[in-house]
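> Questions regarding the structure given below will be posed in turn.
The values are calculated or read from the model by the stated rules, or taken from the named source; none is laboratory data. It should be emphasised that the depicted structure is a prediction, and the values quoted were computed from it without experimental measurement. Heads up, the Cβs are rebuilt from the backbone with ideal geometry, glycines too, and the neighbour counts pull from every protein chain shown. Accessible surface areas use protein heavy atoms only, side chains included; no ligands, DNA or RNA. Shrake-Rupley method; radii C 1.70, N 1.55, O 1.52, S 1.80 Å.
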Amino acid sequence: MERQRTRQVMLALTLASGLLLTGCGGGADGSKSSSDGARGGSYDSGFPAPNQPQGEQDSDESRGDYDTPAPDYLSTFALDVDTASYGYARRTLAEGRRPDPSTIRPEEFVNSFRQDYDRPDGNGFTVTVDGARTDQDDWSLVRVGLATREASDQEGERPPAALTFVIDISGSMAEPGRLDLAQQSLDTMTERLRDDDSVAIVTFSDQAETVLPMTRLGDHRDRVHEAIDSLEPTYSTNLGAGVETGYETAVDGLREGATNRVVLISDALANTGDTDADSILDRIDGARREHGITLFGVGVGSDYGDALMERLADKGDGHTVYVSGADDAEKVFCEQLPQNIDLTARDAKAQVAFDPETVRQFRLIGYDNRRVADDDFRDDRVDGGEVGPGHTVTALYAVRTKPGAEGHLATATVRWQDPKSRAPHEKSAELETFDDSLREADPRFQVDAVAAYFADALRDTYADKRLPGRPSLGELADWADELGDRTEDGAVRRLADTIRQARHLTD
């Protein structure tokens, strides 16, 4: 009772100070959403402040697999649309090898699958929050879904692109499915770009070289094709020199009003020169910040420097994908081109505030390298994630509710900056307690759960750290098969096949 009175007093104080997000509208799955402009100060939805005691705290014996929540019951992370971890895991398993657990990032497994979230009309996000109970007592999965506007089918509606391709031509790229696949993909993409788009090409092995300065396509497509077709693998991998020269070339060819982006195509097996992501990007930090040039990493090869590429993309305000074959390359370079070169939100972050009256414990699944200090959520000097049109971002939480809990469970807020004006915006949605089980949830939610459970199994986590309610690999494969039939989604059917490949390697 005392905790309830304290909460009511704090809520009243918050309303009086004008910090509470207001303006409710309809949300998905019973959630309520609110949208408003930028707000300063700290996030407060009537929950106790970070330095206040939280009432019940679990002992080590009673709290189970997860740490007791932070005193402020907040979880904050930078948005991430990377999918490379899942793509690389699929290729590794198809070759009869288990992927290194360090390359498994659950959020990239989940974000590899299509979602059916509502989308906004303009820049920014919609927010969807829903949840479902697992088979483990008092444990649920809560899903926070963010979506940007659809990628336009009308090419003329996106800004022109100024793309600097930084291509690895080291000896390791001679393996089939590396440089040859990159060349084929770039040739196809060059034909699909607009006349007012521009392309530059930088190559690197032991040294870096600008093969083609920034060139407006127009009547010069043949020059681009000739540069692409002339590439041959040689020597070692000085990735640092390639990135540095790539940014210099991008700055030299900078186009106002265009989307300026560096596209790094590599197996990221750096073995010469600077091989540290932070050091590499420190040298080009001015160009990145002053001109807003983002980095898009495309990974190739059966042996792949996943950690380096992922770190480069995170520090370079971009994202990564992994290309294992011609179909992947077609999707990345051609079908997803508007997503890869346009932006609808800069420095986007999400913060989820759990209600201590109903929530006992929680854990964000994945996003290990994207965590942000709670106090930095509204500090726009702190980097977030860059997101383009047509994207969705999904975050799953394992949440342990208090026995018999009813009412408000969580509030999810996304904050971003307009890509042109840098004006900050926010949107929120709320979630109440629920009774549905995972098997009764929306099919796309179930796919997310299967993907997260699969990633958890590949991480080979200890029994006391497993996600609550995680089925066996055989059960996951059957579940994915059922969902593939329900959704008629080939990607979900392939997920079932990939899970069975992992199971065979485990048996």
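> Ratio of the range 421-483's C-alpha Rg to 2.2 N^0.38 Å, to two decimals? Let's see the in-between values first.
Details: Rg = 16.1 Å, N = 63, 2.2 N^0.38 = 10.6 Å.
Taking N as the residue count of the range 421-483, the ratio is 1.51.
> Report the per residue volume, in Å³, of the convex hull enclosing the C-alpha atoms of the range 304-349. It would help to have the intermediate numbers written out before the result.
Values: hull volume 3.7 nm³, N = 46.
Spelled out: Cα convex hull of the range 304-349, divided by residues, is 81 Å³.
> Explain nothing, just the number: relative contact order of the range 429-506, from Cα pairs under 8 Å at least 6 residues apart, as a whole percent. Intermediate values should be presented prior to the final figure.
On the way: 54 pairs, mean separation 21.3, N = 78.
Contact order relative to length: 27 percent.
> With each pseudo-label sitting 7 Å past Cα toward Cβ, what's the Ser102-Glu175 distance in nm, one decimal?
For Ser102 paired with Glu175, the spin-label model returns 1.7 nm.
> Once you list every other residue whose beta carbon is under 10 Å from the beta carbon of Thr259, what net charge do they have if Lys and Arg are +1 and Asp and Glu are -1?
Here the count lands on +1.
> In addition: Evaluate the distance, in nm, between pseudo-label points positioned 7 Å from the Cα of Gln336 and of His220 along their respective Cα→Cβ axes.
Calculated label separation equals 2.9 nm.
> Working only with C-alpha atoms, what are the Rg and Dmax values of the range 141-195, expressed in angstrom?
17.1, 47
> Based on the Kirkwood radius over alpha-carbon pairs, what is the Stokes-Einstein translational diffusion coefficient of the range 362-507 at 20 °C with 1.002 mPa s viscosity, in µm²/s?
119
> Have a look at the range 83-128 and give its Rg and Dmax from the Cα atoms, expressed in angstrom.
When restricted to Cα atoms, the range 83-128 yields Rg and Dmax of 14.8, 45 Å.
> Give me the net charge for the shell around Gly297: Cβ to Cβ below 12 angstrom, other residues only, Lys and Arg +1, Asp and Glu -1. Present the calculation step by step, with values, prior to reporting the outcome.
Details: positive: Arg261, Arg311, Lys315; negative: Asp82, Asp168, Asp267, Asp306, Glu310, Asp314, Asp317.
Value of the local net charge: -4.
> Just to confirm a number: summing +1 for Lys and Arg and -1 for Asp and Glu over residues other than Gly484 whose beta-carbon lies under 11 angstrom from that of Gly484, what do you get? Walk me through the numbers on the way to the answer.
Details: positive: Arg486, Arg493, Arg494; negative: Asp478, Asp481, Glu482, Asp485, Glu488, Asp489, Asp497.
Cβ neighbours under 11 Å give a net charge of -4.
> Where the eigenvalues come from the Cα gyration tensor of the range 354-405, what are the semi-axes √(5λ) of the equivalent ellipsoid, largest first, in whole Å?
Taking √(5λ) for each Cα gyration eigenvalue gives 27, 15, 10 Å.
> For a quick check of understanding: with a 1.4 angstrom probe and all protein chains in place, what accessible area in square angstrom does Glu150 have, to the nearest ten?
120
> Would you mind telling me the share, in percent, of accessible area of the range 329-465 contributed by carbon and sulfur at probe 1.4 angstrom?
Details: 1910 of 4600 Å².
Looking at the range 329-465 in its full context, I get 42 percent from C and S.
> Assuming R0 = 30 Å, what is the FRET efficiency of Ser279 and Asp195, from their Cβ-Cβ distance, to the nearest 0.05?
Values: r = 39 Å, r/R0 = 1.29.
Approximately 0.20, to the nearest 0.05.
> From the gyration tensor of the Cα coordinates in the range 167-315, what semi-axes in whole Å does the equivalent ellipsoid have, largest first, with each one equal to sqrt(5λ)? Please list the in-between numbers first.
Details: eigenvalues 100, 78, 31 Å².
So the three semi-axes of the range 167-315 are 22, 20, 12 Å.
> If the cut-off is 28 Å between C-alpha atoms, which lysines fall inside it for Lys420, apart from same-chain ones fewer than 8 positions away?
Answer for Lys420, where 28 Å is the Cα cut-off: Lys315, Lys331, Lys349, listed by chain and number.
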